[in-house]
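Have a look at the structure below before the remarks.
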Amino acid sequence: MKKDYSINKIMVFAGSYVATIIGSGFATGQEIMQFFSFYGLAGLMGAVVSLIIFAFLGAESLERGRLVKPKDSMKIYTLYTGKYVGKFLDYFVPFFLFGVFVVMISGAGATLSEYYGLNPYIGRVGMAIISLVSVFFGLDKLSGILGKIGPIIIVFTIFVGVVGLVNNFQYIPESIEFLKTAQLSKPAPNAIFSGVLYAAYNVIIIIGFLASLGGTTENRKDAILGGLLGAFSLMLAATVMFLAIFSRAEVLFAKSIPTLVIADGISPIVGKVFSIVLIMGIYSTAAPLLWQCSNRFSEDGSKKFKVSAIIITVLGLLGGLLPFDKLVGTIYPYTGYLGIVVILMVCYKVFSLKKSGKTGKDEMEKIESR
């Protein structure tokens, strides 16, 4: 019986989805700890909420991209949010993506400096060059690279999380007691809203890239299954790791890279390998961010695209010289709330398109012709 879907394409989509989101915050455990572990076992409810949102956004963005085939990844926001909000996002999203790219460059330098004692400039310049070279390969080859990196990061994260949780399982009662009196700066008043914010924060990063990626296939099942598998894999890894971090809350909540502490606790060799996985996680977000910023100004693969990529990389490297913690504090706040607005508008647009029986292709062509 002939298959009407491609396992390879689904894996590439899912892997690219996961790899794009992971970044330095996920890989180091900081995002997972703050958005889920800080709420204790209630964080499980937040994880379920994030899973539902990620599954919807992944499947929808890839499938919409398949249908409308955007030439400019930023214009998909105008399709979803309308002329006026879309105009704002048309300028804000590239700026925000560039800001996160800068954070990735700075984070690479901080990670290599903290773990290996290397000069921060080595990590910054190295990450900038690798990202630039990858973007020169074009979207197809870049997604192929990300599609292979994503599963590696997920599998290793799950392994470290499961072993860490098993090793520290007996400390969970102590962690529950610790959480009752711990003074923590939580991103949201409860676990459920924190789960919404976590997914919403990532909306700005993934929609444009996934829509462009979806445009590379004609198969509906490849797009939808790729989005669903990516969301499930991402949140499975996040859930396992958040429980592992929570199991030693009193110790790990004070660490800047809790995942690396867990990996080192398993074995120094595992710690070394995980430090490499962490760098891969930073790269897997930096490269697609650079691609999206460059694609905003020119078509993928063109000479102008490459020139744009070089200029953005140089600017990103200069911005990456700023302190990592200050960059995070400047770039990230309130983006999750903007993401919630975008999610609601995406839901409304999907409903209206379905009701009218349209795909959005004609509308997309008009938007890109302006």
* Asked: What's the number of the condition residue 152 fails, among (1) open to solvent by less than 40 Å² (accessible area, probe 1.4 Å); (2) within 29 Å of residue 66 (Cβ to Cβ)?
  -> (1)
* **Some residue of segment 215-229 being open to solvent by 50 Å² or more (accessible area, probe 1.4 Å), touching an Asp or Glu at 6+ places or on another chain (Cβ under 8 Å) and hydrophobic (A, V, I, L, M, F, W, C)** => no
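Could you grab me the full set of residues in segment 254-270 that are hydrophobic (A, V, I, L, M, F, W, C) and open to solvent by 30 Å² or more (accessible area, probe 1.4 Å)?
254, 261, 266, 269
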* Mind checking which pairs have a first residue in segment 63-75 that is under 16 Å from residue 86 (Cα atoms) and a second that is among the basic types (Lys, Arg) and surrounded by 23 or more Cβ atoms within 10 Å (Cβ to Cβ), Cβ under 9 Å, 6 or more apart or different chains? -> 70/64
* Matching entry among 102, 135 (being at pLDDT below 90, assigned to a helix (DSSP H, G or I), within 29 Å of residue 12 (Cβ to Cβ) and among the β-branched types (Val, Ile, Thr)) -> 102
* **Filtered residues of segment 342-370 (kept if touching a Ser or Thr at 6+ places or on another chain (Cβ under 8 Å) and without any contact (Cβ under 8 Å) to a residue 60 or more places away in the chain)** => 353
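In segment 105-124, what residues are in a helix (DSSP H, G or I), touching a helix residue (DSSP H, G or I) at 6+ places or on another chain (Cβ under 8 Å) and either of a type in the set (Asp, Glu) or open to solvent by 60 Å² or more (accessible area, probe 1.4 Å) (or both)?
Matches in segment 105-124: 116, 121, 122.
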* Among the numbered conditions (1) in a helix (DSSP H, G or I); (2) farther than 20 Å from residue 149 by Cβ, tell me where residue 222 comes up short. => (2)
* To do: Output the residues belonging to segment 334-370 that are open to solvent by 60 Å² or more (accessible area, probe 1.4 Å), part of a helix (DSSP H, G or I) and among the charged types (D, E, K, R).
  => 354, 355, 361, 362, 363, 365, 366
* Of the residues that make up segment 178-185, is at least one out of contact with any Ser or Thr (no Cβ under 6 Å at 6 or more places or on another chain) and at pLDDT 90 or above? -> yes
* Asked: All but one of (1) over 13 Å from the mean Cα position of the chain (by Cα); (2) modelled with pLDDT of 90 or more; (3) of a type in the set (S, T, N, Q); (4) crowded, with 24+ Cβ neighbours inside 10 Å hold for residue 16; which doesn't?
  -> (1)
* Asked: Has segment 254-261 got at least one residue that is among the β-branched types (Val, Ile, Thr), assigned to a helix (DSSP H, G or I) and touching a Lys or Arg at 6+ places or on another chain (Cβ under 6 Å)?
  -> yes
* **Lone qualifier among 212, 194, 247 - being open to solvent by less than 70 Å² (accessible area, probe 1.4 Å), more than 15 Å from residue 31 (Cα to Cα) and under 18 Å from the mean Cα position of the chain (by Cα)** => 212
* Structure fact -> Within segment 78-100, residues crowded, with 22+ Cβ neighbours inside 10 Å and farther than 17 Å from residue 348 by Cβ come out as 93, 97, 100
* Kindly provide the set of residues from segment 86-114 that are among the acidic types (Asp, Glu) and without any contact (Cβ under 8 Å) to a residue 24 or more places away in the chain, ordered by number. => 90
* To do: Taking the options 308, 275, 267, name whichever one is small (Gly, Ala, Ser) and under 14 Å from residue 27 (Cα atoms).
  => 275
* When the residues of segment 157-184 are filtered to those that are without any contact (Cβ under 8 Å) to a residue 40 or more places away in the chain and either part of a helix (DSSP H, G or I) or in contact with a helix residue (DSSP H, G or I) (Cβ under 9 Å, 6 or more places away or on another chain) (or both), which remaining residue is farthest from residue 249 (Cα to Cα)? -> 159
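Of the residues in segment 166-178, how many are open to solvent by less than 40 Å² (accessible area, probe 1.4 Å) and either of a type in the set (A, V, I, L, M) or closer than 22 Å to residue 48 by Cα (or both)?
Total meeting the criteria: 2.
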* Can you find even one residue in segment 1-8 that is assigned to a helix (DSSP H, G or I), open to solvent by 10 Å² or more (accessible area, probe 1.4 Å) and either small (Gly, Ala, Ser) or closer than 18 Å to residue 277 by Cα (or both)? -> no
* So which residues in segment 278-312 are open to solvent by 10 Å² or more (accessible area, probe 1.4 Å) and in a helix (DSSP H, G or I)? -> 279, 280, 283, 303, 304, 306, 307, 308, 310, 311, 312
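The values are calculated or read from the model by the stated rules, or taken from the named source; none is laboratory data. Keep in mind the model is a prediction, meaning the values are calculated, not measured. Here Cβ is always computed from backbone atoms with ideal geometry, including for glycine, and neighbour counts include all displayed protein chains. Just so you know, the surface numbers come from the protein's heavy atoms only, side chains and all, with ligands and any DNA or RNA stripped out. Shrake-Rupley method; radii C 1.70, N 1.55, O 1.52, S 1.80 Å.
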